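Heads up, the thing below is written out as structure tokens.
Computed from the coordinates by the stated procedures, all read-outs in this text should not be read as laboratory data. Source: prediction; values computed, not measured. Cβ placement follows ideal geometry from the backbone for every residue including glycine, while neighbour counts extend to all protein chains displayed.
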Amino acid sequence: MTPAIQPRGIRRRADLLRAAVQLLTEGGFAAVTHRAVAQRADLPLAATTYYFASRDQLLAQAFSLLVEDELTALRHAVTAGGLLGALEELPHQRLRQLGLWELYVHAGRDPELQQIARAWSDGCLVIIADFLHLPPDDLRVQLVYATFDALWLEHVVEERHSDLSTARALLAFAIAAVP
């Protein structure tokens, strides 16, 4: 018989994950250590190893939470302002997205993170497919997603805020290619 999960334990684990996401967005992959996470969550260091067997497990679960949060934010942005509006919102969440992209690249070397990265990509495809009223595996959806994704990455990494009009034009061109 498995013991019931206590509300305090659920809260502590959630606090540790949120602290890991905050550190990830502020300082990247290297900023997420057991000590830093415990300190940010205002919990004893032992709590991190109690709830997470390793730093890799902590990072994977933080990445998963970050992906969920970003997919929710993207869906809201697309619902409110379409893909062009969502693209314009990107500079406002730059640090969070840098953490997301950093883990995404790191996933190329870590099979557990690859699954989470795929969930992010698949989630983005579904959001764009819904916006275009097409199935996610439609090549036109993949074209718009590839365009959006490339512009998103360029915008977040290179901070091309002044070039937003070109990005809007490219995305509009890709969307117009969808009959």
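With neighbours defined as other Cβ atoms within 10 Å of a residue's Cβ, the residues VAL32, VAL156 order from fewest to most as VAL156, VAL32.
Computed on segment 54-176, with alpha-carbon pairs under 8 angstrom and 6+ residues apart, the relative contact order is 29 percent. Which angle between 0 and 90 degrees, to the nearest 10, do you get for helix 139-158 versus the longest principal axis of the chain when only C-alpha atoms count? Taking the Cα atoms of the chain, the angle to 139-158 is about 60 degrees.
Counting Lys +1, Arg +1, Asp -1, Glu -1, what net charge surrounds GLN114 among other residues with beta carbon under 14 Å of its beta carbon?
Numbers: positive: ARG109, ARG118; negative: ASP56, ASP110, GLU112, ASP122.
Cβ neighbours under 14 Å give a net charge of -2.
Quick check: from the Cα gyration tensor, does segment 18-66 come out rounded (a/c under 1.5), prolate or oblate? Oblate.
In the neighborhood of TYR104, defined by Cβ-to-Cβ distances under 12 Å, what is the net charge if each Lys or Arg adds +1 and each Asp or Glu adds -1? Could you put the intermediate results ahead of the total?
On the way: positive: ARG109, ARG118; negative: GLU70, GLU102, ASP110, ASP149.
My count for the surroundings of TYR104 gives -2.
Just checking the listed ones, LEU125, LEU143, LEU24: in the Gaussian network model of the chain with Cα springs under 10 Å, the one fluctuating most is LEU143.
For the chain, the longest principal axis of the Cα atoms and the long axis of helix 111-132 meet at an angle of about 40 degrees.
First check a/c for the chain, with a ≥ b ≥ c the square roots of the eigenvalues of its C-alpha gyration tensor; if it is under 1.5, answer rounded, and if not, answer prolate when a/b is larger than b/c or oblate otherwise. Prolate, because a/c is 1.5 or more and a/b exceeds b/c. Label separation (ASP163 vs ARG18): 3.7 nm, computed from points 7 Å beyond Cα along the C-beta direction. Quick one: if the Förster radius is 22 Å, what FRET efficiency do GLU68 and GLN142 give, using the C-beta to C-beta distance and rounding to 0.05? The computed FRET efficiency comes out at 0.45. For segment 99-129, the residues whose amide N sits under 15 Å from a probe point set 7 Å from the Cα of ASP56 along the beta carbon direction are 106-116.
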